[in-house]
Amino acid sequence: MKRASILAALILVMPQVGWADEPPIVALHEGETEDKMPEFSWATVPVWLRVRKSTAYTKDEIAQIARHPIIVFEKANGHVTYGDVESGALAAAKAVKQVNPAAKVIFYFNAVIEYGGYRANREFDENVERWALRENGEIIRFKNRYHLHDLANPEVQDWWIRTAKAVADHPDIDGVFIDALCKVNARGDDYVAKSIEAMKETVAQGKILLFSAGPGAYGREEGRAASRKTAGEMRQWMRENIAYPLGVFLLVAGKHSYFEWTCTPDALQGALQDHEYDQYHKPLGQPRGPAERSGYVYTRRYEHLDVRVNIQSKKAVLRWH
């Protein structure tokens, strides 16, 4: 029987810090013993990775992925090569563990949306007339394409749990990323402040914090404008605009908090080569205390870094020393 794992599930605690249409901030319980936790160090900014690729990863890609302490293999992994997402994710997980046995590998399974490529979808589709969510008697689809799970149906609940557990029980899988537990499109400076407080509480409770941000961190319009850039332009924009989301993360980070700044998790669209930033390699050191707030301005000090963030102007100054 597989060992008990702290990574049985990733639980959504709050939507993102002032943006939507991007992945959520998630937390998972620390569990019984420290030896089950992912690797963590204050030496540099702690980073996690979400990634997907419809075909098999190359040896070089696996080596790059395996450098991260926590990896979430997102939807659509390996289904073209291996026939379904479950098999693709397990193949990738096994390859990562061979390179870095300490890495924690998480399987993605959406709570609500029937994304394509999963082997489990065959059972759902056989029962779609009873299991798909309806509105006014008609089956509804997400983006006019994907069925939605009717989670009020005990049969659907059983199917979802069986699917998630079957993958999580594999020795190379450490947990399940449960996406779309709720959807919120809140905006405004006060919302960012509330999210900061929620993340601080998450850290205070001894939970792992996986912080993810993309162009939408700067607002819906900025996010849409960024999405129209060429790959080269986007790469440059991401490098020029990492300070604000990284600054927000550093205001709340605790032991076992991890950061991600990305415009896509898709390896075929540059997710791996675009996941490196100079800030990830500068010395950080332990925090000297909690963040302090004056209006919309937050500050926090680390051994080798002073952080200043204005959540109203979405500006941050990261001063290394």
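The values are calculated or read from the model by the stated rules, or taken from the named source; none is laboratory data. None of the values given here were measured: they were computed from a predicted structure. No Cβ is skipped: glycine too gets one built from the backbone with ideal geometry, and neighbour counts run over all protein chains shown. What goes into the accessible areas is simple: the full protein's heavy atoms, side chains included, and nothing from ligands, DNA or RNA. Shrake-Rupley method; radii C 1.70, N 1.55, O 1.52, S 1.80 Å.
The distance from the alpha carbon centre of the stretch 128-156 to that of the stretch 56-117 is 27 Å, rounded to a whole number. Dipole magnitude for the chain: computed about the Cα centre from +1 point charges on Lys and Arg Cβ and -1 point charges on Asp and Glu Cβ, it is near 740 debye. Between Phe142 and Asp306, the modelled label-to-label distance comes to 4.5 nm, taking each label 7 Å out from Cα in the direction of the beta carbon. Within the accessible area of the stretch 248-321, the carbon and sulfur atoms contribute 44%, probe 1.4 Å, all protein chains present. Loop-resident trypsin sites (Lys or Arg not before Pro) (DSSP state other than H, G, I, E or B) in the stretch 136-185 with no more than 14 further Cβ atoms inside 10 Å of their Cβ: Lys143, Arg145, Lys183. Rg and Dmax over the alpha-carbon atoms of the stretch 255-308 stand at 14.8, 43 Å.
Charges only on Cβ, +1 for Lys and Arg, -1 for Asp and Glu: so what's the dipole of the stretch 59-205 about the Cα centre, in debye to the nearest 20? Each step should come with its number before you reach the end.
Working: 19 positive and 23 negative charges, 77 e Å.
Computed charge dipole of the stretch 59-205: roughly 360 debye.
Among Phe142, Phe177, the sequence by solvent-accessible area, most first, with a 1.4 Å probe is Phe142, Phe177.
Find out how many positive minus negative residues lie around Arg134, taking Lys and Arg as positive, Asp and Glu as negative, among other residues whose Cβ is under 13 Å from that of Arg134. Intermediate results must be reported in sequence, preceding the final value.
Values: positive: Arg130, Arg141; negative: Glu129, Glu135, Glu138, Asp150.
Every neighbour counted, the sum reads -2.
Amide H to amide H, with H built 1.01 Å from N, Ile113 comes under 5 Å of His149, counting only residues 5 or more places away or on other chains.
Once the piece of chain linking Ser313 and Gln205 is laid out straight, how much longer is it, given 0.36 nm per residue of separation minus the C-alpha distance between them? Working shown, then result.
On the way: separation 108, 0.36 × 108 = 38.88 nm, distance 3.00 nm.
That pair, Ser313 and Gln205, stretches by 35.9 nm at full extension.
Residue pairs exceeding 21 angstrom between C-alpha atoms, taken from Lys36/Lys97; Lys207/Lys314; Lys94/Lys255; Lys53/Lys104; Lys104/Lys314: Lys207/Lys314; Lys94/Lys255; Lys104/Lys314. With the cut-off at 1.5 for a/c, could you classify the stretch 167-307 from its C-alpha gyration tensor as rounded, prolate or oblate? It is rounded, given that a/c, with a ≥ b ≥ c, falls under 1.5. Place a label point 7 angstrom from the Cα of His321 along the Cα-to-Cβ direction, then list the residues of the stretch 266-285 whose backbone nitrogen is under 16 Å away. Flagged as within label range: 283-285. As a ratio to 2.2 N^0.38 Å, the alpha-carbon radius of gyration computed for the stretch 111-174 takes the value 1.17.
List the residues whose amide H sits under 5 Å from the amide H of Leu305, counting only those 5 or more places along or on another chain, with H placed 1.01 Å from N in the peptide plane. So Leu305 has HN proximity to His321. Using a simple spin-label model with pseudo-atoms 7 Å out from Cα toward Cβ, Phe40 and Asp60 lie 3.4 nm apart. Expressed as a whole percent, the accessible area of the stretch 122-178 that falls on carbon and sulfur atoms is 49 (1.4 Å probe).
Result for the chain in a Gaussian network model with C-alpha springs under 10 Å: among Asp158, Asp179, Asp84, the largest mean-square fluctuation is at Asp158.
Got a sec? Charge dipole of the chain, +1 on Cβ for Lys and Arg, -1 for Asp and Glu; which of Ile178, Thr44, Gly270 is way out at the positive end? Final value for the positive-end residue is Thr44.
The aspartates and glutamates whose alpha-carbon is closer than 17 Å to the alpha-carbon of Lys143, local same-chain residues fewer than 8 away aside, are Asp21, Glu22, Glu114, Glu135, Asp179.
Could you order Asp190, Asp274 so the one with the most accessible surface comes first? Probe is 1.4 Å.
Numbers: Asp190 95, Asp274 25 Å².
Solvent-accessible surface, decreasing: Asp190, Asp274.
Probing with 1.4 Å while keeping every protein chain in the model, the per residue accessible area of the stretch 168-265 equals 39 Å². Each of Ser227 and His170 was given a label point 7 Å from its Cα along the Cα-to-Cβ line. The distance between the two points is 3.0 nm.
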